Amino acid sequence: MTGFHEWALLNFYRVVARKGDTVAILNTGPPSDLTDINAYWEISFGPGYGERTQIVRTEEERPVTALRSLGIEPEDVDHVIVTPLVAYTAADLSAFPNAIYTIGRRGWVERLAPTH
């Protein structure tokens, strides 16, 4: 956890897997509205970090838009796997009404009963 004074480009990936008509995705991406998560990160890192703590994305990078570019509607997603269990991976869970959700045990335990 060093180098906070430097700029770093981070990518948040979602993975799509298909087998026949079955569609699974790994992670749902950050929230549709980035206002709250960006404000939280800016406050958490403290003064002087400002825009270096912010998530930015193009319209094409929005989770549902990206899936649609592959011909997948939110209703077509059968499985959503979330890891780790944090806002930038799990904020759009409700966008997939027909999905079965899988969350790793470790991520669940760390979220509910962190060791630190």
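Assorted remarks:
- Residue within the range 19-39 that is touching a helix residue (DSSP H, G or I) at 6+ places or on another chain (Cβ under 9 Å), farther than 20 Å from A95 by Cα and at pLDDT 80 or above present: yes
- Restricting the range 58-86 to residues that are touching an Asp or Glu at 6+ places or on another chain (Cβ under 8 Å) and of a type in the set (S, T, N, Q), the residue that is modelled with the lowest pLDDT: T65
- Criterion (under 13 Å from the mean Cα position of the chain (by Cα) and either surrounded by 17 or more Cβ atoms within 10 Å (Cβ to Cβ) or closer than 27 Å to W7 by Cβ (or both)) met by exactly one of A90, A99, A24: A90
- Boolean, V64 is closer than 20 Å to A90 by Cβ and either part of a strand (DSSP E or B) or of a type in the set (D, E) (or both): no
- Tabulated pairs, the range 39-57, first more than 16 Å from L9 (Cβ to Cβ), second aromatic (F, W, Y), C-beta under 8 angstrom, 6+ apart or interchain: E42/Y49; F45/F4
The values are calculated or read from the model by the stated rules, or taken from the named source; none is laboratory data. Everything numeric here is computed off the predicted structure, so don't read it as measured data. No Cβ is skipped: glycine too gets one built from the backbone with ideal geometry, and neighbour counts run over all protein chains shown.
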